[in-house]
Structure formats: structure tokens, C-alpha cells
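Beneath this line is the structure, given in C-alpha cells, with notes to follow.
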Amino acid sequence: MKGVSGSYGFSAMTVVATRLEQAAKAADEGSIRTDLPVLASYLERVEIVYEE
């Protein structure tokens with residue numbers, strides 16, 4: 001997620017995804033519980049626009 005999100009211009013998602021990846025590797029449940037709602041909130045605000 002962190003690698004692909006930046007490629008599509010979602011730099012804020014890259015930041016959160018990086019933190020989540022590091023927290024998962026460290027088995028840091030507290031950080032994961034903190035960052036998942038941040039990611040969910042971000043994704044709820046993303047608007048997909050198709051260009052023709």
C-alpha cells in the first residue's frame with residue numbers, strides 16, 4: 001500500500017501506510033489501533049474522478 005499510494009499521488013496515505021507497516025513489523029498494536037482510523041478517515045474522503 002505504501003509503495004503504490006505515492007505513485008498515484010496519495011502522499012498522505014503513504015505516510016500512514018509507512019507507519020502502519022512499521023508498527024506491524026514491530027507488533028505494535030497500540031500504534032496500529034491509532035493509525036487504522038486515520039487511514040480509514042483518509043480513505044472515506046478520497047474522491048475518485050474518471051477522466052475521459
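Rule-based calculations on the coordinates, nothing more; no lab input. Just so it is clear, the model here is predicted, and its values are computed rather than measured.
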**Prompt:** Helix 29-45 versus the longest principal axis of the chain: what is the Cα-based angle in degrees, 0 to 90, to the nearest 10?
**Reply:** 10 degrees
**Degrees, to the nearest 10: 11-25 long Cα axis against longest axis of the chain** = 30 degrees
**Asked** If you work out volume of the Cα convex hull per residue in Å³ from the coordinates, which of (1) 62; (2) 100; (3) 74 do you get?
**Response** (1)
